[in-house]
Each structure stands twice: as C-alpha cells, then as structure tokens.
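One structure is given here, and the rest of the page talks about it.
The values are calculated or read from the model by the stated rules, or taken from the named source; none is laboratory data. These figures come from a predicted structure and were not determined experimentally. Cβ: placed from backbone, ideal geometry, glycine included. Neighbour counts: every protein chain shown.
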Amino acid sequence: MAIRIIYPQGMTSVNWCNQMSLALSSVSQFPVVKGENDWRHWGESVARQVSLSQYKIPFPNTFKTWRAWADKFVQALSEVPI
C-alpha cells in the first residue's frame with residue numbers, strides 16, 4: 001500500500017490532518033479536524049487503524065505539540081518500503 005506523505009511544514013494542524021485524511025482515504029475514513037486542538041483525537045484514530053499497523057504510527061498523547069508528533073508520523077510513514 002503506497003501512501004502519499006504530506007509534510008507539515010508551513011501548515012496548521014487543521015489543514016495538515018485534513019490533507020492527510022484525504023491521502024489516507026483509501027485506507028479508512030478519519031474524523032474531520034475543525035480546531036487546532038483536535039489533532040490528538042485525529043492522531044489516535046489514525047494510530048488505531050489496523051491496516052496502518054505496519055507503519056508504527058506514534059500515539060499523539062506523548063507529544064506536547066502537534067508539529068513534533070506530525071514529524072514522527074511522517075518519519076513512521078517513510079520507514080516502510082513501498
């Protein structure tokens with residue numbers, strides 16, 4: 001399964017999460033992020049998705065900022081060969 005990676009630089013958490021939802025739409029439907037603090041809920045939904053388990057996506061509850069978590073998220077997606 002190939003996943004389009006969207007780098008979070010220059011984006012808000014709302015924009016990035018919603019863009020990643022589109023990139024992951026072939027895997028599952030994820031919640032729409034409406035507020036800057038909704039990234040944790042979105043991230044938990046993605047990390048719990050069984051079909052993404054090979055990517056070892058980190059759970060967001062251990063990160064203080066969405067950007068630090070998003071960087072680790074992108075790194076996890078990048079580590080699995082296509």
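So, Leu77, is that one hydrophobic (A, V, I, L, M, F, W, C), in contact (Cβ under 8 Å) with a residue 40 or more places away in the chain, outside any loop (DSSP other than H, G, I, E, B) and buried (at least 18 other Cβ atoms within 10 Å of the Cβ) or not? Yes.
Quick one: is Ile82 at pLDDT below 95, within 12 Å of the chain's Cα centre (by Cα) and among the β-branched types (Val, Ile, Thr)? In short, no. Return a yes/no flag: does segment 26-33 have any residue that is small (Gly, Ala, Ser), under 17 Å from Ile5 (Cα atoms) and part of a helix (DSSP H, G or I). No, segment 26-33 has no match at all.
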